[in-house]
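Below is one structure, written out as structure tokens; the observations come after it.
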Amino acid sequence: MKTIIEPFKIKSVEPIKMSTRKSREFYLKAAQYNPFLIYSKDVIIDLLTDSGTGAMSSEQWAGIMRGDESYAGSTSFLRFERTIKNLMGFEQVIPTHQGRAAERILFSVMVKSGDVVPNNTHFDTTRANVEFQKAEARDLVIDEGKQPSFEHPFKGNMDIKKLVDTIETVGVSRIPLIMVTITNNSGGGQPVSMENLRQVSEVANSYNIPFYLDACRFAENAYFIKIREEGYRKKSIISIVKEMFSYADGCTMSAKKDGIANIGGFLCTNDPELAQKEKDLLILTEGFPTYGGLAGRDLEAIAIGLTEAIDEDYLKYRISSTAYLGKKLIEIGFPIVVPTGGHAIYIDAKKLLPQIPPHQYPGWALACSFYLEGGIRTVEIGSVMFGKHDFDTGKDVELAQMELVRMAIPRRTYTQSQIDYVIEVAQTIYKNKNKITGMKITYQAPFLRHFSAKFEPISS
Ligand code: F0G
């Protein structure tokens, strides 16, 4: 059969409140034109993030009931640990309340002031946690990965030459670890090939530098390897996952993505001394090492979610439904990052709305249009998020390289007809794109301004 269907039935539903364009005009104005400040009850399709927004399975809900809430030595922890050891092969498994907590602990222990941490592209919390240690977060993704319209099967790959040059110029003593993010979220959700992981690990081993994976979307990455890399078509997802992790010395993980849980994360290593230091820090802020900031029931949900995320039928549906949305948007005329990645579509707003200069935030204007037109919440990844503002002159002194709008697709949450609704809304927006005007910031915080900034549309 050619039709790829959702490989699950719906057992429990959450009603969506439908709204009119007139009411959305009111909600958006009340939120000062910042989609982060709109209440979720006033959103029809929420594509703000795929993090923690997936639908849990009946098995996961059963696991929730089974959760052992003992402070120490919880059976749920043993199940969680066993699943991760079996999948990823690491000796030490440390639970955390989400991905960034794992990052903070890892970098507190391994990174010192003046160090440089190479990554294909750091996610913003990863970058912030490296910089918090007064170290430099250096992005070394291949050049093809920075061009939205350039087709390449593994645009998340690390540039091996740039990695070696960085190690040679910075010096091994200032590179505490090398990281690779699978899939590369900030670079468009693009996968990393097995060959590239092998090469990074060879470089890391030759200089005796630990190699870590930021593994949030490891299952989606494994599926891309299966369908796009020579020699992997006939391999099972679990064997691909095991091979990917066999090249690494440890990982950080947000279980809110390919753990299909609403909260949770973990940190892994093969180094028992390092693990001891990490567990000491864990106790300070997260909790005892057999729960680490999570409830026993969360550990159960994650253990089951990780297993469900590597199911091939699920992954086929997941990657195909993202590709379906991407293909339809291209047919309408939207410039998007190609090929489509695993968890999201990224629209090139600069190209779509040439009438809006970057300092009037075309991505933000487009995100507002998606909300007004169809109650769809998306997120700008452009100059509001990454621009730097000088409060003395009242001007932006640095703009982002790209003005993107991300439509992140929560796991197992929306049906095909809901995605068709998104496409219909996109069609209307495309027809009226010349009428969309820029935005002006009326209030902003000194850092991470996108979360709380207030805006006004610039009238044409
Ligand atoms: N690394 C990557 C690649 C991520 O995408 C995220 C989160 C994190 C680390 C941090 O994990 O949220 O559990 O602390 N990404 C979310 C997103 C927020 O919307 O892409 P966390």
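Please treat every number below as a calculation from the coordinates, not as lab data. None of the values given here were measured: they were computed from a predicted structure. As a convention, Cβ positions derive from the backbone with ideal geometry for all residues, glycine included, and neighbour counts pool all protein chains shown.
Restrict the search to segment 413-456; then list the chymotrypsin sites (Phe, Trp or Tyr not before Pro) that DSSP places in a loop and that have at most 13 other Cβ atoms within 10 Å of their Cβ. Of the chymotrypsin sites (Phe, Trp or Tyr not before Pro), the ones in loops of segment 413-456 whose Cβ has at most 13 other Cβ atoms within 10 Å are F447.
Full extension of the chain segment joining V172 with E230 gains 17.6 nm, where the gain is 0.36 nm per residue of separation less the Cα-Cα distance.
Modelled label positions at K29 and T285, each set 7 Å beyond Cα in the direction of Cβ, lie 4.2 nm from each other. For the chain, adding -39500 (n - 2.57) for each run of n ≥ 4 DSSP H residues and dividing by the number of residues yields -12500 deg cm²/dmol at 222 nm. One decimal place: the segment R82-N270 gains 66.2 nm when fully extended, by the rule 0.36 nm per residue minus the C-alpha distance.
For the chain, find the longest principal axis of its Cα atoms and tell me its angle to the long axis of helix 21-30, 0 to 90°, nearest 10. The helix 21-30 is inclined about 60 degrees to the chain. What distance in nm separates the two pseudo spin-label positions at D165 and R21, each 7 Å out from Cα along the beta-carbon direction? For the pair D165/R21, the computed spacing is 5.1 nm.
Per residue, the convex hull spanned by the Cα atoms of segment 58-309 measures out at 115 cubic angstrom. For segment 197-296, the list of trypsin sites (Lys or Arg not before Pro) that fall in a loop by DSSP and count at most 13 other C-beta atoms within 10 angstrom reads R233, K234. As an equivalent ellipsoid, segment 311-390 spans semi-axes of 27, 14, 12 angstrom, where each value is the square root of five times an eigenvalue of the C-alpha gyration tensor, largest first. Residue ranges 9-19, 90-100, 201-211 sort as 90-100, 201-211, 9-19 when ordered by packing (mean number of other C-beta atoms within 10 Å per residue, highest first). Considering every alpha-carbon pair of the chain, the percent of pairs per 10 Å bin, from zero through the bin containing the longest distance, is 4, 20, 30, 28, 15, 3, 0. Cα centroid distance between segment 129-189 and segment 300-379, in Å? Between the Cα centres of segment 129-189 and segment 300-379 lies a distance of 23 Å. Angle of helix 296-309 to the longest C-alpha principal axis of the chain, folded into 0 to 90 degrees and rounded to 10: 80°.
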